[in-house]
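The values are calculated or read from the model by the stated rules, or taken from the named source; none is laboratory data. These numbers were taken from a predicted model, which means no experiment stands behind them. Cβ placement follows ideal geometry from the backbone for every residue including glycine, while neighbour counts extend to all protein chains displayed. Remember, those area values only see protein heavy atoms, side chains included, never the ligands or the DNA or RNA. Shrake-Rupley method; radii C 1.70, N 1.55, O 1.52, S 1.80 Å.
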Number of protein chains: 4
Amino acid sequence: MINQRHEIDVTLESENSNNMLAEYLKIRKHSELICSKLETEDYVVQPVEFVSPPKWHLGHTTWFFETMVLIPFAKGYDIFDPNYNFVFNSYYESIGARVIRTDRGNLSRPAVADVYKYRKYVNAAMVKFLSTSIPSDAKPIVILGLHHEQQHQELLYSDIKYILGNNPLFPKYDDLGIESDHFSNLNKWIHYEDGIYEIGHHGDTFCFDNECNRHKVFLNSFDIASELVTNGEYIEFIEAGGYDDFRHWLSEGWEWKKLTDAKAPLYWHQIEGKWHQYSLSGLNIVDPNQPVTHINFFEAQAFASWKGMRLPSESEWEVASDKFIWGKRWEWTQSAYLPYPGFVTAADATGEYNGKFMINQMVLRGASVATPEGHSRNTYRNFFHPQLQWQFTGIRLAK
Amino acid sequence: MINQRHEIDVTLESENSNNMLAEYLKIRKHSELICSKLETEDYVVQPVEFVSPPKWHLGHTTWFFETMVLIPFAKGYDIFDPNYNFVFNSYYESIGARVIRTDRGNLSRPAVADVYKYRKYVNAAMVKFLSTSIPSDAKPIVILGLHHEQQHQELLYSDIKYILGNNPLFPKYDDLGIESDHFSNLNKWIHYEDGIYEIGHHGDTFCFDNECNRHKVFLNSFDIASELVTNGEYIEFIEAGGYDDFRHWLSEGWEWKKLTDAKAPLYWHQIEGKWHQYSLSGLNIVDPNQPVTHINFFEAQAFASWKGMRLPSESEWEVASDKFIWGKRWEWTQSAYLPYPGFVTAADATGEYNGKFMINQMVLRGASVATPEGHSRNTYRNFFHPQLQWQFTGIRLAK
Amino acid sequence: MINQRHEIDVTLESENSNNMLAEYLKIRKHSELICSKLETEDYVVQPVEFVSPPKWHLGHTTWFFETMVLIPFAKGYDIFDPNYNFVFNSYYESIGARVIRTDRGNLSRPAVADVYKYRKYVNAAMVKFLSTSIPSDAKPIVILGLHHEQQHQELLYSDIKYILGNNPLFPKYDDLGIESDHFSNLNKWIHYEDGIYEIGHHGDTFCFDNECNRHKVFLNSFDIASELVTNGEYIEFIEAGGYDDFRHWLSEGWEWKKLTDAKAPLYWHQIEGKWHQYSLSGLNIVDPNQPVTHINFFEAQAFASWKGMRLPSESEWEVASDKFIWGKRWEWTQSAYLPYPGFVTAADATGEYNGKFMINQMVLRGASVATPEGHSRNTYRNFFHPQLQWQFTGIRLAK
Amino acid sequence: MINQRHEIDVTLESENSNNMLAEYLKIRKHSELICSKLETEDYVVQPVEFVSPPKWHLGHTTWFFETMVLIPFAKGYDIFDPNYNFVFNSYYESIGARVIRTDRGNLSRPAVADVYKYRKYVNAAMVKFLSTSIPSDAKPIVILGLHHEQQHQELLYSDIKYILGNNPLFPKYDDLGIESDHFSNLNKWIHYEDGIYEIGHHGDTFCFDNECNRHKVFLNSFDIASELVTNGEYIEFIEAGGYDDFRHWLSEGWEWKKLTDAKAPLYWHQIEGKWHQYSLSGLNIVDPNQPVTHINFFEAQAFASWKGMRLPSESEWEVASDKFIWGKRWEWTQSAYLPYPGFVTAADATGEYNGKFMINQMVLRGASVATPEGHSRNTYRNFFHPQLQWQFTGIRLAK
């Protein structure tokens, strides 16, 4: 949701409709570019509840513009297909019944070609809408829709990786190797003294409602690592029996470990005595110098405990974030996802955007290789349940 | 499995390889014809455990010929892709690990085009193999493979109907209306005196191992209906509160009813006060003169109890089957699926074909609109768990 | 349910009320004798769904007489406590709401002492009722109630064994060793020629409705073992890898095996390399000369398959039963539990006694060490789901 | 765990062994007093996973002293029964295998009388041990054991209430009415300005490790209610449709609501149009002036949202706690249960006491009618999963 107090600024940001139109077209195109490397079949499946079929993402982000912008604001707009609301509504209780989440992968129709027709139809209507004088209360919704689509672009990468990486044939997505940058392993500790700091979004640019309000926090003195934990360091943890030593695990993490028989991060396979990992470029030997990824909160916390350290809080992370390089892995923090002081939800459907998920989830900070350009900032609060591994997550230590 | 005692006869039946080759090509082509009306996306999904994705059926039947015929008998045959065994093995414990059944719908690859390539490749090898002198122990396996493929053609119809019929858009499969024949509702009772009868397969033609041996049974006198129960009669049962009167239901049937909140056959929907049903030709008002279908054993048994009658045993059905018309609906019997006297399983993988399923299933007799030409006979024993509704089932009463 | 056609005979059997009264008192006392060796705590627990707490058995059998006899037939009878119907109704849909089966072990009240008060109260009313002229339609219900209580005496033994035998302290029930008779292991094959035989209950004595009607069956020639399979023979099966060879198992049996990781009969434990088994007299080394027990249908069937034989049908068993000794172990047959020709259920609540369970269960014949005196006959049809092991079951082979 | 830094003080607190002995005997006796009103049967059952049988609490608290104090510190101590470790270990991974939590209610043995013998035996050994010069590293463990037993006294009340309150006979526990104090409903708002505050335990008295370290927090200005929300106010929420309006619920709370079909707090029943609630004194009409209780976090949060307010954070609560009366209901906060700055876990088994539960739980502050004398302080951090209702919880609003 757009922070209401920033509404005027947002308008300034997209001062003229042409800018917003260009931004709309660019972002919408990017979703289709991500999917352009898929086979039709890849658009359809949902191998696990938390993954959605790519065609669903393409349809859902389109439905958002149709439902939140075109229907309420664009005069004379004809709904593409009234049944699509049932199919493409994600979790908006206020906008009627919907396919239950676990059933998304059971729907062969609408076909992929129909979803692209839907996108084309809505894009045409949006272009027309954005080419005219936009009502002032529509603008923030359009901007929200664009950031929303960028969030789904990130999910598209995660979900596509899960779909292909859990296929016994291990098909590759492409050869670009976006996950394979090399990283420094010369960690340094960055020190902060105790005192009052400010966190939360400020200024005139866009943010989600959960980043507001900017507020003071008192932090005790802390040290935070300049570098992410590498695969090599994580292999040390595995080889030291980290997955078999309950002392490092939270109780629910230990239950997760026993239930899933986890022995390594997601996508890791031991083949002829060597650790391999599936990346979007296929199955390869693990590179010890790359940052470890696809670990869940339980694993991140157990690793930190094994090192005699801890994960940073989200406040510590945000305060220190201009002293280290971030943006390749979402970084688990030890902070639960809770409202900031003064947080309020919007009265309309966009009020369901963030607030209702503030329970049983942990905050991640930073961004990842899947994050689209222009979608990251150091106040961004991502959040997932502690057992989930399929995001491009990472570990930064604190002490 | 081929009944070993009929092996010679089978050879006679397909006296020259040309006949067998023609039969092979005809049957293989029919599977692809069934699928030719699908969108690519329809080949992929598995909305419920007991349904398989159409592309899986196409691959699995091909895998059967590759694994059971080409690999052991065709000299110099190169396996198409060694990973396909993992993907397309159904339930053969003797032939290695396999994708668990519930995961079939999670596999976007092999793509549909690759499955067709696989079929083409195996077909070419089979054509070459069948054009030469076939080893005598290979012939029964080829014949079994053809009957096996015909069974999957029947499942293709059931599964496609489930995939399309549970989609909120209710897409139609085609306009042929194969389910919509009109039927006489002038039932007559056919009477048999008590005495010794013979059932089970006899003669020189193919049968599955579970149809053997032909054996004597003693039957008490009985009456069996000349006609199937119609939708109109079934609506009477619904309107008389049949789904809410525990007295007519088996205990596990009543639990099924409460758990699923069933109120009518599968694919029935009450829309504006009228019963509609989804058929392969779309969603239409229920025709009271057509035979009721997509009821499970519990529903069939409850209906019979409500009428003060019962379902026939499979022996009664077989004995009387030349006195009535059958072949449009698989007909539930009151017989559990058990071995006939003297039943033995083969020592090789084909021994897993039937015998190991002889528990907790009920026998259905006859055939259905989905049964391919040449695949029905009055000794055929189909079997399903009592809660399953997605086959083209029907009810014939006895007393 | 009482077989209606035998109603007059039943009356003759219990010609005067004094006989019936004596029988009532004797049977009712036996239930309490079985429980007299328990601690109060043992009456309460329900370690698994299919086991009921002993106090529930004591209450339920009492509730049967109160509900089926006293309330409808005894003038001026005051219900002991109207809430008890909710607690002690087992599965009679026609007699109102009831505690769900899995919750029986959650009820600390009524306390054991209260259940005994309930028994005393109902016994007093029954004594009074049976001392007068009993209405002719009440007599069959009283007799049914007595046989019903005897069935629960058998369950009391099974359930008590489960409660104590799954306790980590392995407390013994008593020192009598009722399970430890020695048996001959000199098996002989008893041969029968093919032909028409009669099975089912006949004559004037009591039977359950599922034993009727006596009817003709045609049997093929068969051989049946004079002796039960021993622990020693079963250990051979275990040591030959019987639990790891899928070829001998039904498909659902194999699933059960993998799910439960079964390696031996229920109550068997390998301690320092030796097989021990818990019996009502405590944990002891397995005696190879005693008949194997606490195997389910899947295990019995797999054992028979491993021997190259099969289980007898219930008809074969009944026909041959006067040629061998039986009565120590319930013997699994290869027959599914289905209605006999002409079977009808009673219109009143007793109609729920047997018929509604005729699905997904296998027939056991004979009796067991837990069967009370006077409760066994060779037409008796016991039935359980194929995965259940906690009855005193056994294996007799046929070929 | 004892805060190590306070060890010396703890010694001072229990300066001579006589004091500690007297405290030991008093606290141990209190557990037995709570249970003295039970029937033997009530000690045994476990109607739901999160409830433990009372005899288990009695045994487990005794096991704690035996395992943590007597075995390591008391020379010549003979273990009462080595099997009891398996039965009475709760969650200490470091001390071996244990009965899985859901099986606690399946154990009829050890009998209640045996558990009391166990208590007597361990008490005698502890009296002997505490009458001599206690090793300095044993003292903190004894004190921890006493606080541990007090925590189980609170659970005893909650669990006994659940056992009796979910029995269809609604037996009362006693007539004392400890839940029925009348409360003022004249709420006042207590205001605090923003600034740095300190929270966490300080001083020389006992605390659990999770209350340390005392540390600074920055709080924004806030108002907190002087009174708890009453039943009357909660009925307004119910009658305004609060349970049917998704807008007030967290997403997982709404799922909980739909799954359980919750319409009111636990133990509430609508009987002839009036709300009744089960308390330890039986089933009675809800008193509108008493504080609402047995609501979970989801309900507390939804109520606060409906009022346009929120729950306090644990810091706010602690800071303001000397301005209002507390101690009758545990009060939900909006704080997730997380480590305080500088929190460390002990290296020995007591390190499993608190830290490993710091995920997916919400903090409750205060105390309740079930809290034993001397066991409450304003730094105490209780914690439960957000869906649990069976504690004596309450709601205090903030804004």
Taking the condition of being surrounded by 14 or more Cβ atoms within 10 Å (Cβ to Cβ) and either in a helix (DSSP H, G or I) or among the β-branched types (V, I, T) (or both), how many residues in the range C:102-127 meet it? 16
What are the residues in the range C:379-399 that are open to solvent by 30 Å² or more (accessible area, probe 1.4 Å) and under 21 Å from C:N220 (Cα atoms), if any? C:K399
Of (1) within 14 Å of another protein chain (Cβ to nearest Cβ); (2) over 23 Å from A:F246 (Cα atoms), A:S335 satisfies all except one. Which? (2)
Run A:E154 past the list (1) more than 22 Å from A:I295 (Cβ to Cβ); (2) in contact with a Ser or Thr (Cβ under 6 Å, 6 or more places away or on another chain) and report the number of the one that doesn't hold. (1)
Answer yes or no: is there a residue in the range C:314-329 that is touching a helix residue (DSSP H, G or I) at 6+ places or on another chain (Cβ under 8 Å) and in the same structural domain as C:N213 (by TED's automatic domain parsing). no
Name, by its number, the condition in (1) open to solvent by less than 60 Å² (accessible area, probe 1.4 Å); (2) not in a helix (DSSP H, G or I) that does not hold for C:D175. (1)
Can you find a residue in the range B:183-195 that is open to solvent by less than 20 Å² (accessible area, probe 1.4 Å), more than 14 Å from chain A (Cβ to nearest Cβ), under 26 Å from B:Q391 (Cβ atoms) and touching a Ser or Thr at 6+ places or on another chain (Cβ under 8 Å)? no
Quick one: in the range A:73-93, of everything that is surrounded by fewer than 16 Cβ atoms within 10 Å (Cβ to Cβ) and free of Cβ contacts under 8 Å to residues at least 24 places away in the same chain, which residue is farthest from the other protein chains (Cβ to nearest Cβ)? A:K75
Is it true that B:F237 is modelled with pLDDT of 95 or more, crowded, with 17+ Cβ neighbours inside 10 Å and touching a His at 6+ places or on another chain (Cβ under 8 Å)? no
Does C:G355 fit the bill of being outside the structural domain of C:Y91 (by TED's automatic domain parsing), out of contact with any strand residue (DSSP E or B) (no Cβ under 9 Å at 6 or more places or on another chain) and open to solvent by less than 20 Å² (accessible area, probe 1.4 Å)? yes
Quick check on the range B:288-301. Is at least one of its residues more than 30 Å from B:L219 (Cβ to Cβ), in a strand (DSSP E or B) and not β-branched (V, I, T)? no
Answer yes if at least one residue in the range C:72-82 is on the phi > 0 side of the Ramachandran plot and of a type outside the set (A, V, I, L, M, F, W, C), and no otherwise. yes
Are any residues in the range B:186-241 among the small types (G, A, S) and over 30 Å from B:A346 (Cα atoms), and if so, which ones? B:G195, B:S221, B:A225, B:S226, B:G232, B:A240, B:G241
Taking the options A:S321, A:S315, A:S305, name whichever one is assigned to a helix (DSSP H, G or I) and either open to solvent by 30 Å² or more (accessible area, probe 1.4 Å) or closer than 21 Å to A:L155 by Cα (or both). A:S305
Of the residues that make up the range D:241-260, is at least one in a loop (DSSP other than H, G, I, E, B), open to solvent by 40 Å² or more (accessible area, probe 1.4 Å) and assigned by TED's automatic domain parsing to the domain that holds D:Q301? no
Only residues that are aromatic (F, W, Y), under 21 Å from the mean Cα position of the chain (by Cα) and outside any loop (DSSP other than H, G, I, E, B): list them for the range D:31-79, please. D:Y43, D:W56, D:W63, D:F64, D:F65
Within the range A:40-63, is even one residue more than 14 Å from chain B (Cβ to nearest Cβ), within 30 Å of B:R104 (Cα to Cα) and free of Cβ contacts under 8 Å to residues at least 24 places away in the same chain? no
In the range B:359-378, the residues that are over 26 Å from B:K29 (Cβ atoms) and either at pLDDT below 95 or open to solvent by less than 10 Å² (accessible area, probe 1.4 Å) (or both): B:I359, B:M362, B:V363, B:L364, B:R365
For the range A:25-39, which positions are among the aliphatic types (A, V, I, L, M), under 25 Å from A:S131 (Cβ atoms) and either in contact (Cβ under 8 Å) with a residue 12 or more places away in the chain or open to solvent by less than 30 Å² (accessible area, probe 1.4 Å) (or both)? A:L25, A:I27
Could you count how many residues in the range A:206-243 are over 30 Å from A:Q150 (Cα atoms) and away from chain D (no Cβ under 11 Å)? 13
Of all residues in the range B:353-372, which are small (G, A, S) and in a loop (DSSP other than H, G, I, E, B)? B:A367, B:S368, B:A370
What do you reckon, is C:L164 surrounded by fewer than 17 Cβ atoms within 10 Å (Cβ to Cβ) and either within 19 Å of C:I34 (Cα to Cα) or of a type in the set (G, A, S) (or both)? no
Breaking point among (1) open to solvent by 20 Å² or more (accessible area, probe 1.4 Å); (2) assigned to a helix (DSSP H, G or I); (3) polar (S, T, N, Q), for C:T350: (1)
Looking only at residues in the range A:178-189 that are in a loop (DSSP other than H, G, I, E, B) and touching an Asp or Glu at 6+ places or on another chain (Cβ under 9 Å), which one is modelled with the highest pLDDT? A:K188
Please verify whether the range A:104-118 includes one or more residues that are in contact (Cβ under 8 Å) with a residue 60 or more places away in the chain, in contact with a Lys or Arg (Cβ under 7 Å, 6 or more places away or on another chain), within 14 Å of another protein chain (Cβ to nearest Cβ) and among the aliphatic types (A, V, I, L, M). yes
Flag for A:F206 being open to solvent by 20 Å² or more (accessible area, probe 1.4 Å) and either assigned to a strand (DSSP E or B) or not acidic (D, E) (or both): no
Is it the case that the range B:283-293 has a residue that's touching a residue at least 60 places away in the same chain (Cβ under 8 Å), surrounded by fewer than 19 Cβ atoms within 10 Å (Cβ to Cβ) and within 15 Å of C:K356 (Cα to Cα)? no
